[in-house]
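The values are calculated or read from the model by the stated rules, or taken from the named source; none is laboratory data. Keep in mind it's a predicted model, so treat the numbers as computed, not measured. Counting neighbours? That spans all protein chains shown, and the Cβs are built from the backbone with ideal geometry, glycine included. Quick note on the areas: whole protein, heavy atoms, side chains included, nothing else; ligands and nucleic acids left out. Shrake-Rupley method; radii C 1.70, N 1.55, O 1.52, S 1.80 Å.
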Amino acid sequence: MKILIKLPSAEAMTMEFDHNMKAEEILNLVKDKLVYPVYGCKVDNSYRGLLHNVHRDCTVEFLDIRNQAIWLVYQNSLVLLYLKAVHDILGKDVLVSINNSLNKGLFTVIKTKIDQQTVTAIEQHMRELVRQNIPIQKMHMKKSEAIKLAASYKQAETCALLRSIEYNDDVEIYSLDDEVEIFYNFLVPSTGYLDKFELRLYRNGVLLRYPHPTNPDVIPYFEDQKKLYDAFSEATKWGQLMQVNYVTDLNEKISKGETKELYLLQEALHEKKIADIADSICQRKSRVVLICGPSSSGKTTFAKRLCIQLGVNGLKTLYLGTDDYFVNREETPLDINGEKDYESIRAVDTELFIHDLQKLLNGEEADLPKYDFINGKKIFGERRVKLEKNQIIVIEGIHALNSLLTEGIEEREKFKIYISPFTPISIDHHNRIPTTDCRLLRRMVRDYQFRGWDVKKTLSGWSKVRSSEDVNIFPFNSEADVFFNSNCIYELAVLKKYAEPLLKQVLPVDAEYAEAQRMLSFLRFFDEVKDENIIVNNSIIREFIGGSILVD
């Protein structure tokens, strides 16, 4: 049996075996060549756990947490370890919710009284379980048995989800000693893999923190992200208002034909929040509004809806796009791979941008450039602008919160907004929906609808987009005066209709097949919304599925 082994950050090699091998056994033969710990692999373009039995000629690619799917594998495995420790310390009847990503970790809520001493005891017990290197076993259950298991843990939402999904009467269950849980992806083979984590008592819950893909060996420095916490808290309240906390709640509303009310309430919440932000800008007398957010967060629609609300307050707006300030293409900086890096702040002519911004704020006329993307050059003379009375500048772009873009402009002049779709619903108590996956679905639908990209191009470029966000966007969100949640609580059920056929076109021979299958597996939880015609034409989701009155 001949196997081509691909190692992250190392050379490829071919190995031959005369018998079947677990992926973990092969990994142990090449560990000394690896920079970071491995938690999963791809076997011929399909994600597999390390206990996968390799029994034929194939390619095995070992993966660490720099891969999004494997990062989620580490998180889910750590959650199982955490649940085991909580139940050992506090008792099996204690309910634990895994809520959302926060402070480079997961924000969790333990439904009983806890203090620092309790959290310390849970963390110490987790470390003891890691030291013991206890196997994490995968089992198969009939659906009826899995429903009984979920019911014993008082997880009504899991029971409903299992009933609704078309399984072949086969549900994968994971156990760690007497802790038995349902996860919807594979986990690591044993607790010994989970040696990098920390617990922190935080607000009304506990932070379960772990390494970030940018530095897979280190627990990130703790930075209190109060505004992000408040944004997720607001998202949770929105979910409660709409009576949609779990996927099954959304599916039930779809089956009962109650989506119209859901659409209208979601848009009302968005509009009220945008109006409140516009009021705050007026009260502050800010002259420059800066809007920043990661890819597919809905910045364009939000910016235009905000301009309308500012108009309601009697203010005129001048939109200033940072894309028109790209340096000439031959001056574009290169990334570590020698490719043009259009995401870098150095790809923007910040000197000219600041110069024009200061002229406008000083009441002078500025010759604003228009970027010719075909020839890669700025064109001047087509947009000579001078601010009118009661006119403010609205700037939208990925670098909007980076101080280098507005250097020399007084802070009192600026109002800073960070926008992202903070998902308020979960699959169940222990399986959350990553915001990153929601944005990826938005992007692949928009890329296909409006850019002519096939889904493989979007999937292959996503890791580069994410890496850029870690450098250019996320470090600056703490600068924001306000966070705006652009999530539409129903959107995954709407996006499914568009995304699922695209993902099914990705073939097993394609490098993007594993990621396509992961997203398809995720989408299976959602009932599809067949008719979205009653979604209003200024909704943020229209930016991605089409029909927007605000986005060309």
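Brief remarks on what is shown
- Among residues of segment 381-393, those that are within 38 Å of the chain's Cα centre (by Cα) and over 20 Å from residue 315 (Cβ atoms), counted: 1
- Segment 268-298: number of residues that are over 25 Å from residue 408 (Cβ atoms) and open to solvent by 20 Å² or more (accessible area, probe 1.4 Å): 8
- Entry remark, segment 495-552: residues being among the hydrophobic types (A, V, I, L, M, F, W, C) and part of a loop (DSSP other than H, G, I, E, B) number 15 in total.
- Restricting 202, 221 to residues that are in contact (Cβ under 8 Å) with a residue 24 or more places away in the chain and of a type in the set (Ser, Thr, Tyr) narrows the list to 202.
- Residue match in segment 314-332 (condition: out of contact with any Gly (no Cβ under 7 Å at 6 or more places or on another chain), open to solvent by 80 Å² or more (accessible area, probe 1.4 Å) and not in a helix (DSSP H, G or I)): yes
- Looking across segment 133-155, the residues that are under 29 Å from the mean Cα position of the chain (by Cα) and open to solvent by 70 Å² or more (accessible area, probe 1.4 Å) come down to 137, 138, 154.
- Tally of residues being open to solvent by less than 40 Å² (accessible area, probe 1.4 Å) and assigned to a loop (DSSP other than H, G, I, E, B) across segment 11-29: 1
- Search result, residues across segment 340-357 that are out of contact with any His (no Cβ under 9 Å at 6 or more places or on another chain), within 18 Å of residue 414 (Cβ to Cβ) and surrounded by 15 or more Cβ atoms within 10 Å (Cβ to Cβ): 353, 354, 356, 357
- Check on residue 337, open to solvent by 20 Å² or more (accessible area, probe 1.4 Å) and of a type outside the set (Val, Ile, Thr): yes
- Residues considered: 67, 28. Of these, the only one that is of a type in the set (S, T, N, Q) and over 17 Å from residue 216 (Cβ atoms) is 28.
- Residue count for segment 509-535, restricted to those that are surrounded by 16 or more Cβ atoms within 10 Å (Cβ to Cβ) and within 22 Å of residue 301 (Cβ to Cβ): 3
- The set of residues in segment 118-132 being open to solvent by 10 Å² or more (accessible area, probe 1.4 Å) and either at pLDDT below 95 or under 13 Å from residue 206 (Cβ atoms) (or both) consists of 118, 120, 121, 123.
- Taking segment 111-151 as the range and being touching a residue at least 12 places away in the same chain (Cβ under 8 Å) and in a loop (DSSP other than H, G, I, E, B) as the test, the residues that pass are 111, 112, 114, 115, 133, 134, 136, 142.
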